[in-house]
Amino acid sequence: MSDHLDEKTTISRMAGLGTIHKDRKTGALLPRNLGEAEGVGGLFLEDTSVETAVEVKTGNHNYRIQRAGHKTAFISGHPEYCPEPVQVALHGSRWLDSEIEKCYLAPGMRLQFVTQAGVSVLTSPIESVRPIEAQEA
């Protein structure tokens, strides 16, 4: 096993994502328990209803995200790109060097989206994720 792989395994364990594996379709290195969202405080955005907002705290900003449709959402929380809710195209999430097409939000991941002006934004690592039901909003 290479030192590079050991470093990624260590990082994934620190982020609470367990050990890593190589995805058979993409070849990307991913957390082994990626689908076990509740265990690490994460979720797949596409599994939320359009009535449910998600509060995402990153190292730099606090975002509010609400799914609008397939691979689209309304997002706010970035002082320059989305201080008020704007519709964006979701490009999935990133973990280490791997891109995850589905928008999985969990500690240690980074969200990637593109604004209507064509600006691609990659957030700092996510620290916490919390769904907000319609009655809380």
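Among residues of region 69-101 being at pLDDT below 95 and among the β-branched types (Val, Ile, Thr), the one that is farthest from Glu55 (Cα to Cα) is Ile100.
Kindly evaluate Thr123 against the criterion of being of a type in the set (Ser, Thr, Tyr), at pLDDT 90 or above and surrounded by 18 or more Cβ atoms within 10 Å (Cβ to Cβ). Answer is yes for this residue.
If you go through region 50-87 and keep only what is over 14 Å from Phe113 (Cα atoms) and in contact with a His (Cβ under 8 Å, 6 or more places away or on another chain), you end up with His61, Pro79. Looking at this structure, is Glu51 of a type in the set (Asp, Glu), more than 12 Å from the chain's Cα centre (by Cα) and modelled with pLDDT of 85 or more? Considered against the rule, which asks whether it is of a type in the set (Asp, Glu), more than 12 Å from the chain's Cα centre (by Cα) and modelled with pLDDT of 85 or more, Glu51 comes out as yes. Within region 59-74, restricting attention to residues that are assigned to a strand (DSSP E or B) and not aliphatic (A, V, I, L, M), the residue that is farthest from Arg110 (Cα to Cα) is Gly69.
The values are calculated or read from the model by the stated rules, or taken from the named source; none is laboratory data. All values reported here derive from a predicted model rather than from experimental measurement. Glycine gets a Cβ as well: all are built from the backbone with ideal geometry, and neighbour counts include every protein chain shown.
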